[in-house]
Each structure stands twice: as structure tokens, then as C-alpha cells.
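Novice: Dropping the structure in here first, questions after.
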Amino acid sequence: MSNIPADLKYTKSHEWVRTLSNGNLEVGITDHAQGALGDLVFVDVPEAGKSLKAGDSFAVVESVKAASDVYVPVAGAVVEGNAALSSQPELVNSEPYGGGWIMRLEPSGAPSGLLSAAEYQAHLDAEG
Amino acid sequence: MAMQKHPEKIIFEYSRPGRGAFGQWPTERHSPNEPASGIPANLLRKRKPLLPEVSELEVVRHFTKLSQLNFSIDTHFYPLGSCTMKYNPKACNQYAMLPGFLGRHPLAPESLGQGFLACMYELQEMLKEVTGMQGVALSPMAGAHGEFAGVAMIRAYHRARGDLARNEIIVPDAAHGTNPATAVMCGCVVREIPTKDDGDIDVEALRQVVGPNTAGIMLTNPSTCGVFERRIKEVAKIVHDAGGLLYYDGANLNAILGKVRPGDMGFDVIHMNLHKTFSTPHGGGGPGAGAVGVSQRLLPFMPIPVVGKEAGVGKDGDRYRWLTEKDLPQSIGRLSAFMGNAGVLIRAYIYMRMLGREGMHRVGEYATLNANYLMARLARAGFDPAYPGRRASHEFIITAKKQKDVLGVSAMDFAKRLLDYGFHAPTTYFPLLVPECLLIEPTETESKEALDGFVDAMIAILREAETQPDYVKTAPHTMTVRRLDDVRAARQLDLTWKPATSQGLRPTPENAVPS
Amino acid sequence: MPFNPQTPGDVEQMLATIGASKVDDLFDEIPKDLRIESLAGIPDALNEMDIGKLMSARAAQDGTPLNFIGAGAYEHHIPSAVWALTTRGEFYSAYTPYQAEASQGTLQLIYEYQTMITSLTGMDVSNASLYDGGSAVGESALMAIRAHRRSKSQRILVPTTVNPFYRKAAVSTVGNQGVKLEEVPCPKGSLSIADLEKYADEDVTALVIQQPNFFGVLEDVDALTDWAHAHNMLVIASVNPTSLGILKPPGEWGTKGADIACGDCQPLGVPLSSGGPYAGFLTTKMENVRQMPGRIVGRTVDMDGKQGFALTLQAREQHIRRGKATSNICTNQGLLVTAATIYLSLMGPEGLARVANACHARTNELLAALARVKGVKVAFDRPRFHEAVVQLDRPVAPVIADLARKGIVGGFDLSNDYPELGNALLVCATETRTREDIQKYADALAETLKAAVRAA
């Protein structure tokens, strides 16, 4: 059973979104996603300043046998990529909702279309 | 088994200053004392490179021992699906290595290459005949390189007609990864179509995706699911009617050699893996050869060089020459510095001449017979074919989903345990759409006893999976190494040997018996 | 069918197990009207004795002429051990080492190769090889575009001193992706900063530098590399591995070194063989490792902590990334890497340096001998290695044809690719040419040119 914190928002493509106190968003991949990928060996994080459209791929997470794009949940500009992941990609596995965050983003508008924890759980159940 | 069981040191660990294979070096007579005269000091090397300093015997022994750590066709049954690991006849190597072939410079005058060019011309002609195509170019150096040539020709064809909108390549979801990767390398967009439960592509889905942007479709037939695409003529019509072309991925040509030809199925361009169907060596991962064949309308776009023949006049015999940019001004160009893997092409030529007309028909027949026999026996032993009710082509898929669900033993575990029984593993987890997939291709050169031995091993492993699953899940147990830590390999990249990094990684001493 | 083991009895039993009455039934899913009955264009089978005779006759027809061409493919001494070992069935008939436990020999060999080739080039990491030196330039260009994120132009400068066959292969490789390979004319036979100045203020992704260049001339690699880096370009080096026995490795060019170094392993124990199979090499700095195409082998440990080798960073490759892979390449030239690794092991640092020195000395002797021939002039009086351009007083093609009749492969005619050089011929002598060979060539050329004067 994967961990789905109630205070976060989610996407159908398995990203989570946390609203920070300054209004910026922190984005990572869910516990379910890291579990499906297995031990990560590399995370390609975005450079600060880059502007992103919702639905773009902004990062790539690699395990030994798979590589997967991570998609932008909300349009905005990259404030910071998680530099720690370049030497410790395993943080995404061990702390998907904590030290394994992938980028922080300044949204260009109000977030919309994101799922609540319950809705994401229902989505996972439906995916089987 | 004759396998070398002990690890082998890294060659640098044998190195001692002052040692060398002196008999191979130029002597003082060849190499003057004042080296590099006339070369400015700032262009010269300051430190010598890290190359081993070892005797000739040390080199011979080291690489012989390394070779003994490999499975190969010459030593093991190698039923690796989609790879056609059949016997590589020794004659093909022996006669390709005659001094006249080995010593020929690629840019030597054609007058000093008529023997070689005659072989290449005849190879082109034979490949045209067995595939039903109108022209063949030999220069692509591997299957993926041939795919590249093929899709580039499709693009060039549309462009030459001024039809610039066609940039979509359709591929089935079960296709080899090279297909979409090639399409992208050629600047195209990939449109994927699903495979149905019976292994054929979804023709209705195909109808939905074709249109004015369709450049072409890439198909393997028999498909990567190990079955023949039964509605191929309908597929060809749909794509052609929409203005697209059909690309044949020749990975599975062995299945149908001498039985049915891609050209007759309606394909416009094909590549052939000569290292599969025509038995040139796989060489531990190359060199391959990915000759391409084309229909009439793609002839002007073939990659150069191609070998042409000018019929002899009077007492002069036929003359062969390279066709280049001047002869084929619309060519997609040169894909290699010279003419591709010429030495591999000679081996394919020798193989085809040894098979002859009759032998060509037998390849597809016996490859198919062996595959269907092996599938029937495995099905009776309790393994599930992925496409029951379908004929196997030259290969077939077993799904170990049941074993995984019930016993917790995966396709990978079966594959690894087979190594202990002296069989190379089948292809695992490809195609991706079949869960716990083992893609098995026995080839025509294996005897019935070899196939029976493989079935016996699979049955024995199934018994082990029922009684001691952990033993199977930690296989192999008799190789030089056990399962490797892939995660460490990728996280702590160690891609070159350095004296300082090797501490703690010394191999087991040769006289110690590994567990 | 020469290689089938199935007896008629086997076939009968196998069909019974399948539940088919004849082999033909196994093809009943193929539409009837597509089936073929005959392959009239294929000749009858030859047994090994007959094919041996045919191939021996064909090979003898091409003979073993005295060769003075280089131009990207070089005739060197090949130790007997190289191919005796390389053609062992365990190397020759093995597949790609995906099943690591059953492929440790090939995997360890590639790891040793990666070590040797990175040390020769002075770079950090190498892949397991590409097709050849020409396609390696194309793959290097694509890799530079991926690695140089701040450059948006996808423009790569390729001086005309780069092997024209490499340039053509590179253009075919990258042309469909909107990548622009721009030729930089080099009228003096080497690339100078003056030739590059007009690009100083433009967004250019990378500069290709070949050392020694196609004419055998040594480029001023330090200054060129520093200039390119100062103008925000990456540097792609295309180098001859034999020359690296004595020449400065690309990793040490200029202040920061080249970013990517590629070339062809052919000089390292691989026969000329009409152009292939050869093996392209590709090396780079660690920071670009994930942008490399092709296979890479890493050292790791097994479940018991014992050293072992495996393919690594596979998530870059087509079988996982499909349409998003770094390249569609899924092969390397494994057998040629095997030959090159054995060759480098036999030569060691000193043997390779001696080969390079001997090549250099022989080429200088060749030029001295040719310069004494009436009607021959040596072009580009600059430091050189390994080969050189000479200019004749008449068109080159008939001269080469006449030399061929005398059993001499006299050089590569440059007049198609470099018409501005006039009647120019590229010649090469490696350590395999003796003083007598060189004299024989000079005498034959003198005779040919004299006869041409008389005929005129």
C-alpha cells in the first residue's frame, strides 16, 4: 500500500505538488511511482530560470531498467532544482515526499486540475 | 561444462615495467632514434598512455581465459529470441580472411578489386531474389543502421515529390526499440498502434491513424510476438492508399526465408540483418550488417556506394564498379566512411553460396519446425504460450505469469537458472506487452536432442521452483559471478581501471574454488 | 541444406508432437497467394571445397599490391595473436553481453578497452564503440548538441581538413534532425584561427578538429581548442589512435582539453578489408557521460561482493528509451574492439610509440624520394604525421591507373574532393613499407610520368 499524504495535491501521471509558504510549489514523484520504477540511479533536474508549460516533461528519472519523464503539473518558472539528487538519487526512493523533491516552481497562475489525495488513491485503484 | 569458472585478473594487473611483446614491435631499423623529428614539442605526448606492459604469452592466456567466461553458439545452445543465434560456418570466416580480401584498401583502384566487387554484386543480386525487392544497397553496418537508411529513404521519397507534410512513422507497440528511435533520428514523429490479443496488429486502429501526415509504417513480420501478421495485404493497402510507404524490419526474416518475400507482401523498403538470417557472426555485439532492399520507386534514393556491373564487350569480361553520387544524385548519401562492413558482407556471400537455392527454402522450414516443436513440448510440460492457437514462426513466447503469481518465480529467474543448466537464456521481458515473457528462438541448426535437453532443463527448473523457489530466485549458482549489482554499477560509475580504485575488488585467487 | 541436423525420422517425430502432417502445414497462417515456390535466381549450393576454390580465385584476382594509401584506413602489422584470439568461437559467436553472468569475458574485455582508449585520448569515459570513424563524427555532433545546453543553434563547424568521407557520413547521420554541419574552407591545408574569426560572434555549438588532419598536417590544436572554448563552442576531436602513441591526447589540448574525442580503431589490429568492419571510438569527459550514445560497461560486484562487469547506464539506450534514446544505435563493433584491445595489449605504450615513430619516419622517407621525381612537388610545408599531399604536373587519375597496372596502389586522388589543390595526390607510408618499397614506388612514378611526357 503506497503512502499518499493527505496535505498534497497529485496528478494522474504520478507527480505530487506541495504549496510552500511563499506560494511557490514543490514537485516530486509519488511513493507509488518510485516503487514502480525501482532503485533510482539518476535524476535529471531542471535548471533554475527555465519557464515551463503544464504537461511538459521537466525531468527524467532513471532506474537500472527504466527511464521515465516527469511532467509539469502547473505552468511556471523553475526556482530551484534539487541539487542533492545528482549525488543521491536514492532520496527519491527513501523520502519521496521529503528530501526527494525534484524542483521548486513559481507558478504563473493558480494551480488547477490537480487531484486530492483521495482522488489520486481512486486513480491508483482504477489503474489496477 | 568447459567454462572457465575462475575470475580473471584485469590485464593491467599483469603489467610490469620493461615487459612487452617485443616480437611485435618495430625495431631500431624501422624506428629511428630521434623520434618525431619535425613535430613541435607542444604537439607531442608528455606522459605515456596507460597500456599494459605484458608478454605475448600473458596476452594470449589472458584473452583465452576471458573468452572462456562467455557463452557462445560454438559452446552452448543459445535460444535468444529475435537474435537468430544459428551456427556461423567456419568456412565463411576462413575464406573471408584470405590475404587478397583483407589487404585490399577501400580506396584502391577498381581494377584491383574486381574479385571483391564481383562477390558484392552477386550478393546484391541474391538478396534481391530472396526478398523480392528491386534494388539492394549493402553499406549499412547494423540492423538499426539499415532502419535509419530505410526511413531516410522514405523521407527523401516524399520530399522529392514535394510532399513535405509526411513526417509521421507508425509503429506497433510491440516493435523493437530501434524502430521509434530510428524514426526520431530521421526527424519523424512516432505514432504507436496497439497489438491485439491474438498477436496481430489492430488494423482498425491503423485506419484511424493514417492520413496526409503518414510517411510510413515500420513492421516486423513475423512480428516480435512470434506470429505471422495475417492481414498484411490489408495493412499494405491501407498505408499505400493513405500515401504512406511500408518499411519491413528484417529482424525475423529467417522465419520466412524461401517461403514468402517482403517485396511480395507489399513492402517498399526493408533491411536485412545479415548477422541473423545469413549467419555472419554476432561477435559479442557486432559487427553486424544491415543491407537494405528497395522497391522500384525508392531505387534513386539508395545509400551509396552500390556496386554496378557493366557487361563485357569483346574479349573483356564484365566489369564491376562503385556507383556513387554521380550515378545516384538523389541518394540519401554515404552512411559509413567507406562501404560498410565489407568483411561481414563477404561472409554472408559465402554462406548464401553454400546454402544455394534448395538450402534457402530449408532455412525457414527447419527454423519453423524447431520452434513449433519446442513450443509444443513446453506447452505440454506446463508452460503457457502467449498466443495459444497460433503457429509459432521461427520463435515463440512463453509467459511465466502463472509461475510468477503462484510460485513467485519470474521469467528472469528461469532465465538465470537456465545458465546453470548450460543453456543461454531466451530473451526476457521483450516484447514488453507480454507479462513475464520468454521469447525463444531455437534456429534451424539445432538438433532435436538439443531442443529436448532444453525442455528437460525447463521442467527441472519448474520442479525446483515448486520445491525450493529461493534457490531459483538466486540463480545462477555455477557461473564465475552471481547476479550483479546493477544499481551500484549505475550509481557508482566505474568505467575504467585505475590502480587506486581496485582495492577490495580483487578477484578471487585462481587457486581458490569459488562457492 | 548443409547445416541442418534433423534426420527424416526426427522430422516425423517432431511433426507428430506438433500435430501437423507435414512441414508445409506450419506455414498455413500465411496467405496462400503470397507463398513462393522457387528462387530461380539463386545458384546451386557449393560445398566447402568448391566455395574455397571460388573465393581463393576471387581473392587472388585482387592480388596483394604495394599500398601507399591511407586517407582514413591504414595498413599496419597485425600480430598473429590478434585474430587467432579474436576468432575464437567464444568471442566470435557470442551475442551482445546482455546476460551478464554468461558474458563476463566480453564485458571485462570492453572494460579493458574503455580503459585503454580513454588513456590514449586523455578523456574520462568511453563507450563500447560505434560503427566507424565517419559515423562517430556524426554521433559526436549529436552528442555535442545534447551536452551544450546553452547553445541553441545546432550548428557544428567542420573544417575541410576533416576527412571528406567522415564529413559525408556525418551529414547523412544528422541531416534529418535539423543539425547544420558547416564547412570551413582551409586553403592553407590546415585550420587557422583566421579561418574561424567570422564565427566569433555567432552561436555555434561545436568545432570539429581532426589531428593529424586529412592531409597529414598537424593542426595547432592548443590554440584552436582555446579559441573555440573562448567563443562558447565545444571541441570535438577526430584522431588517429596510432598517432596518440606520440602525439598529445585530445584531453590535454589547450587549457581545458577537447570535450569529445572520436576516431576509428582500424589502425589497431584491424585489416583494411575494403573498408570494414572497423570500429568507431567515442570518448568524453565524465560530465557528458549520460549524453553518450551506445553501450557502456561498468565494474560492479555480485551478490557475494565479488568483482563483476555489466552493461550500465542502459536507460539512455533505444531498448528502454525507444523514441527518446540518445541514438538508435543498438550494436557496437564488438569483434573489432576485441582485436583492438588485444593489439594494444601486445604493443603497450612503447610498442605503440615505436609504430607511430616508424610511420612518421617512413612517410618522411617517402616524401624525400618522391620530391626527387621530376614532375612531383610536396605540398603544405608544415609539421606532419603519417601522410602527406604531393602535386603532380599532370592529372592524377591516369597516373594512378598506370601505377595500378604495375601492382602499386599509388595514393588517393584528391582532385574530386579538393579541386582547388590541382593535381593533388594523398600518399602514406606506414611501418610496413620498407626502403625498397619506397624506392620501387618512386621509380615507378618517375617512369609513369616520363612516359606521359613522351606520349604528350
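Novice: Would you please name the residue that is nearest to C:Pro212 (Cα to Cα), looking only at residues in region C:370-398 that are touching a residue at least 60 places away in the same chain (Cβ under 8 Å) and of a type in the set (Gly, Ala, Ser)?
Specialist: Only one residue tops the list, namely C:Ala388.
Novice: State the number of residues belonging to region C:324-337 that are facing another protein chain (nearest Cβ under 7 Å) and part of a helix (DSSP H, G or I).
Specialist: 3
Novice: Please go through region C:219-240 and give me each residue that is more than 9 Å from chain B (Cβ to nearest Cβ) and crowded, with 24+ Cβ neighbours inside 10 Å, ordered by number.
Specialist: Residues satisfying the conditions are C:Leu224, C:Thr225, C:Ala228, C:Met233, C:Leu234, C:Val235, C:Ile236, C:Ala237, C:Ser238, C:Val239, C:Asn240.
Novice: Under 6 Å between Cβ atoms, which residue pairs at least 6 apart in sequence (or on different chains) link something in region C:231-255 that is among the acidic types (Asp, Glu) with a partner that is modelled with pLDDT of 95 or more?
Specialist: The qualifying pairs are C:Glu252/C:Gly122.
Novice: Would you kindly identify the strands (runs of 3 or more DSSP E) lying entirely within region A:1-120 that contain at least 1 residues that are free of Cβ contacts under 8 Å to residues at least 24 places away in the same chain and touching a Lys or Arg at 6+ places or on another chain (Cβ under 6 Å)?
Specialist: In region A:1-120, the matching strands (runs of 3 or more DSSP E) lie at A:67-71.
Novice: While we're looking at this one, here's another question. Looking at C:Met14, C:Met49, which one is more than 30 Å from B:Tyr373 (Cβ to Cβ), free of Cβ contacts under 8 Å to residues at least 40 places away in the same chain, assigned to a helix (DSSP H, G or I) and not assigned by TED's automatic domain parsing to the domain that holds C:Cys265?
Specialist: Checking each option against the conditions leaves just C:Met49.
Novice: For region C:369-392, enumerate the residues that are at pLDDT below 95 and surrounded by fewer than 22 Cβ atoms within 10 Å (Cβ to Cβ).
Specialist: Result: C:Phe380, C:Asp381, C:Arg382, C:Pro383.
Novice: Sticking with this structure for a sec: Looking at region C:135-147, can you tell me whether even one residue there is more than 9 Å from chain B (Cβ to nearest Cβ) and over 16 Å from C:Ala237 (Cα atoms)?
Specialist: yes
Novice: To continue, here is another question. Report whether or not B:Lys309 is among the charged types (D, E, K, R), within 11 Å of chain C (Cβ to nearest Cβ) and either surrounded by fewer than 21 Cβ atoms within 10 Å (Cβ to Cβ) or touching a residue at least 12 places away in the same chain (Cβ under 8 Å) (or both).
Specialist: For B:Lys309, the condition - among the charged types (D, E, K, R), within 11 Å of chain C (Cβ to nearest Cβ) and either surrounded by fewer than 21 Cβ atoms within 10 Å (Cβ to Cβ) or touching a residue at least 12 places away in the same chain (Cβ under 8 Å) (or both) - is not met.
Novice: Identify the residue in region C:15-53 that is of a type in the set (A, V, I, L, M, F, W, C) and more than 8 Å from chain B (Cβ to nearest Cβ) and, among all such residues, is farthest from B:Asn221 (Cα to Cα).
Specialist: C:Met49
Novice: Another question, if that's okay. Of the residues C:Thr7, C:Thr106, C:Thr86, which single one is among the β-branched types (Val, Ile, Thr) and without any contact (Cβ under 8 Å) to a residue 12 or more places away in the chain?
Specialist: Of the residues listed, the single one that is among the β-branched types (Val, Ile, Thr) and without any contact (Cβ under 8 Å) to a residue 12 or more places away in the chain is C:Thr7.
Novice: Okay, moving on. Read through the list (1) at pLDDT 95 or above; (2) assigned to a helix (DSSP H, G or I), then give the number of the only condition that C:Asn364 fails.
Specialist: Checking C:Asn364 against (1) at pLDDT 95 or above; (2) assigned to a helix (DSSP H, G or I), the one that fails is (1).
Residues are listed down the side, and each one gets a yes or a no for (1) among the polar types (S, T, N, Q); (2) touching a residue at least 40 places away in the same chain (Cβ under 8 Å); (3) at positive phi:
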| position | (1), (2), (3) |
| --- | --- |
| C:Asn364 | yes, no, no |
| C:Asn416 | yes, no, no |
| C:Thr430 | yes, yes, no |
| C:Asp437 | no, yes, no |
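Novice: Based on what the data block shows, is B:His62 touching a strand residue (DSSP E or B) at 6+ places or on another chain (Cβ under 8 Å), more than 7 Å from chain C (Cβ to nearest Cβ) and modelled with pLDDT of 95 or more?
Specialist: Considered against the rule, which asks whether it is touching a strand residue (DSSP E or B) at 6+ places or on another chain (Cβ under 8 Å), more than 7 Å from chain C (Cβ to nearest Cβ) and modelled with pLDDT of 95 or more, B:His62 comes out as no.
Novice: Residues that are touching a strand residue (DSSP E or B) at 6+ places or on another chain (Cβ under 9 Å) and closer than 21 Å to C:Met347 by Cβ: find the strands (runs of 3 or more DSSP E) completely inside region C:234-322 holding 2 or more of those.
Specialist: Ranges flagged: C:260-264, C:280-284.
Novice: So, one more: From the list C:Ala170, C:Ala128, C:Ala141, which residue is crowded, with 21+ Cβ neighbours inside 10 Å, farther than 26 Å from C:Ala339 by Cα and in contact (Cβ under 8 Å) with a residue 12 or more places away in the chain?
Specialist: C:Ala141
Novice: Within the group C:Glu29, C:Glu48, C:Glu75, C:Glu112, which residue is among the acidic types (Asp, Glu) and touching a strand residue (DSSP E or B) at 6+ places or on another chain (Cβ under 9 Å)?
Specialist: One residue alone meets the criteria, C:Glu75.
Novice: Test B:Leu98 against the stated conditions and say whether it is outside the structural domain of B:Gly211 (by TED's automatic domain parsing) and surrounded by fewer than 24 Cβ atoms within 10 Å (Cβ to Cβ).
Specialist: When the stated conditions are applied, B:Leu98 passes them.
Novice: Does region B:70-92 include one or more residues that are part of a helix (DSSP H, G or I) and in contact (Cβ under 8 Å) with a residue 40 or more places away in the chain?
Specialist: Yes.
Novice: Checking the structure you have, find out if any residue of region C:181-194 is surrounded by fewer than 24 Cβ atoms within 10 Å (Cβ to Cβ), closer than 30 Å to B:Phe148 by Cβ and in contact with a Gly (Cβ under 9 Å, 6 or more places away or on another chain).
Specialist: Yes.
Novice: Could you grab me the full set of residues in region B:377-405 that are out of contact with any helix residue (DSSP H, G or I) (no Cβ under 9 Å at 6 or more places or on another chain), more than 16 Å from B:Ile459 (Cβ to Cβ) and part of a helix (DSSP H, G or I)?
Specialist: B:Asp405
Novice: Tell me whether region B:419-428 contains one or more residues that are in contact with an Asp or Glu (Cβ under 8 Å, 6 or more places away or on another chain) and in a loop (DSSP other than H, G, I, E, B).
Specialist: Within region B:419-428 (the criterion being in contact with an Asp or Glu (Cβ under 8 Å, 6 or more places away or on another chain) and in a loop (DSSP other than H, G, I, E, B)), the answer is yes, since at least one residue qualifies.
Novice: Checking C:Gln391 against (1) closer than 30 Å to B:Pro109 by Cβ; (2) facing chain B (nearest Cβ under 7 Å), only one condition comes out false. Which one?
Specialist: Result: C:Gln391 fails condition (2) only.
Novice: Regarding region C:349-362, can at least one residue be identified that is within 26 Å of B:Glu13 (Cβ to Cβ), in contact with a Lys or Arg (Cβ under 8 Å, 6 or more places away or on another chain) and free of Cβ contacts under 8 Å to residues at least 40 places away in the same chain?
Specialist: Looking for residues that are within 26 Å of B:Glu13 (Cβ to Cβ), in contact with a Lys or Arg (Cβ under 8 Å, 6 or more places away or on another chain) and free of Cβ contacts under 8 Å to residues at least 40 places away in the same chain, one finds at least one in region C:349-362, hence yes.
Novice: Among (1) in contact with a Pro (Cβ under 6 Å, 6 or more places away or on another chain); (2) farther than 26 Å from C:Ala325 by Cα; (3) within 12 Å of chain C (Cβ to nearest Cβ), there is one condition B:Ala137 misses while meeting the rest; what is its number?
Specialist: So the condition that B:Ala137 fails would be (3).
Novice: Pairs needed: first member in region C:442-456, surrounded by fewer than 13 Cβ atoms within 10 Å (Cβ to Cβ); second member anywhere, assigned to a helix (DSSP H, G or I); C-beta distance under 8 Å; at least 6 residues apart or different chains.
Specialist: C:Ala451/C:Asp402
Novice: Which residues, taken from region B:213-243, are part of a loop (DSSP other than H, G, I, E, B) and of a type outside the set (Ser, Thr, Tyr)?
Specialist: B:Asn213, B:Asn221, B:Pro222, B:Cys225, B:Gly226, B:Val227, B:Phe228, B:Glu229, B:Arg230, B:Arg231, B:Ala242, B:Gly243
Novice: Among the residues of region C:44-82 satisfying the criterion of being surrounded by 21 or more Cβ atoms within 10 Å (Cβ to Cβ) and of a type in the set (Asp, Glu), which is farthest from the chain's Cα centre (by Cα)?
Specialist: Only one residue tops the list, namely C:Asp62.
The values are calculated or read from the model by the stated rules, or taken from the named source; none is laboratory data. Please read all numbers here as calculations on a predicted model, not as lab measurements. All Cβ positions, even for glycine, are placed from backbone atoms using ideal geometry, and neighbour counts span all protein chains on display.
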